[in-house]
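Derivation of every value follows stated rules applied to the coordinates shown; laboratory data play no part. Keep in mind that this is a model prediction, so the values were computed, not measured. With ideal geometry, Cβ positions are generated from the backbone for all residues, glycine too; neighbour counts draw on all protein chains shown.
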Amino acid sequence: MTNRIFIGSDHGGFELKETMKSLLKDENYSIEDLGTYSTDSVDYPKIAQNLCNKVLETGDFGILICGTGLGMSMAANKIKGIRAALCSESYSSKMAREHNNANILCMGGRVTGPNLALEIAKTFIETPFEGGRHERRVQMLEPEDK
Ligand code: RB5
């Protein structure tokens, strides 16, 4: 469980980001919106990189939304220490936390409707990492420094 959730999107995820922001606030989560702030076209890697840096600085979770969630998850997973999970149902968002210790949830604004997205996000936020045998595997995800 995290205290605060950073949320970000490009234009393709803007509408779902706005809806998620309000639904999650209604459920008393503390949400910090890192943009984009309109439907004008923007580059998803920039939004992802900025949000990932905040997640690494604070240890809080992030939610990244683009049209499909694919570009956001690709951009986020390039960054050391980020484990981004693209989910379109809540079994995966549960396992992403339990087994993979994911710190970013990605979703597709043109793929997943708001009610399902809320369920996916709440499951992600509330599910703890199991640790144990998964700890070693999660550590193995990081490329060794050369
Ligand atoms: C923007 O049209 C779209 O390419 C973007 O939102 C995302 O889906 C990329 O993966």
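Please order Met140, Met72, Met95, Met107 by the number of other Cβ within 10 Å, starting at the fewest.
Values: Met140 9, Met72 33, Met95 16, Met107 29.
Ordered by Cβ neighbours within 10 Å, fewest first: Met140, Met95, Met107, Met72.
Using a 10 Å cut-off around each Cβ, can you sort Arg97, Arg83, Arg136, Arg4 from fewest to most neighbouring Cβ atoms?
Working: Arg97 23, Arg83 18, Arg136 9, Arg4 14.
Listed from fewest to most nearby Cβ atoms, that is Arg136, Arg4, Arg83, Arg97.
Which residues make up the longest stretch of the chain clear of GluC sites (Glu not before Pro) that lie in a DSSP loop with no more than 16 other Cβ atoms within 10 Å, not counting the sites?
Values: sites that count: Glu27, Glu89, Glu130, Glu144.
The answer is 28-88.
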Value of relative contact order over the chain, rounded to a whole percent, pairs C-alpha under 8 Å and six or more apart: 25 percent
Percent RCO, i.e. relative contact order, over the stretch 80-146, from Cα pairs under 8 Å lying at least 6 residues apart: 38 percent
Sequence-distant aspartates and glutamates (8 or more away, or on other chains) whose Cα lies within less than 17 Å of Lys25: Glu15, Asp33, Asp60, Glu119, Glu126
With at most 16 neighbouring Cβ atoms within 10 Å, loop chymotrypsin sites (Phe, Trp or Tyr not before Pro) (DSSP) excluded, longest segment of the chain: 38-128
Charge sum, other residues only, whose C-beta stays under 14 Å from Ser73's C-beta, Lys/Arg counted +1 and Asp/Glu -1: +1
Point-charge dipole on Cβ atoms (K/R +1, D/E -1) for the stretch 1-60, about Cα centre, debye to 20: 140 debye
Lys80 versus Phe129: modelled label distance in nm, points set 7 Å from Cα along the beta carbon direction: 1.7 nm
Helical contribution to [θ] at 222 nm, DSSP H n ≥ 4, -39,500 (n - 2.57), averaged over the chain, rounded to 500: -13500 deg cm²/dmol
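Could you line up Val138, Val55 from fewest to most neighbouring Cβ atoms inside 10 Å? Intermediate results must be reported in sequence, preceding the final value.
Values: Val138 15, Val55 23.
Fewest to most other Cβ atoms nearby, the residues stand as Val138, Val55.
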Listed residues Leu56, Leu105, Leu64, most fluctuating in the chain (Gaussian network, C-alpha, under 10 Å): Leu56
With Cα atoms, 0 to 90° folded angle of helix 14-26 axis to the chain main axis: 80 degrees
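Relative contact order (percent) for the stretch 29-92, with alpha-carbon contacts under 8 angstrom and 6 or more residues of separation? If you can, show how the numbers build up before the last one.
Values: 45 pairs, mean separation 17.3, N = 64.
Relative contact order comes out at 27 percent.
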Equivalent ellipsoid semi-axes, the chain, via Cα gyration tensor eigenvalues times 5, rooted, Å: 23, 17, 13
Formal net charge of residues neighbouring Glu130 (Cβ-Cβ distance under 15 Å; K, R +1; D, E -1): +3
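How much length would be gained if the chain were fully extended between Glu27 and Met95, taking 0.36 nm per residue of separation minus their Cα-Cα distance, in nm to one decimal? If you can, show how the numbers build up before the last one.
Details: separation 68, 0.36 × 68 = 24.48 nm, distance 2.21 nm.
My answer for the length gained is 22.3 nm.
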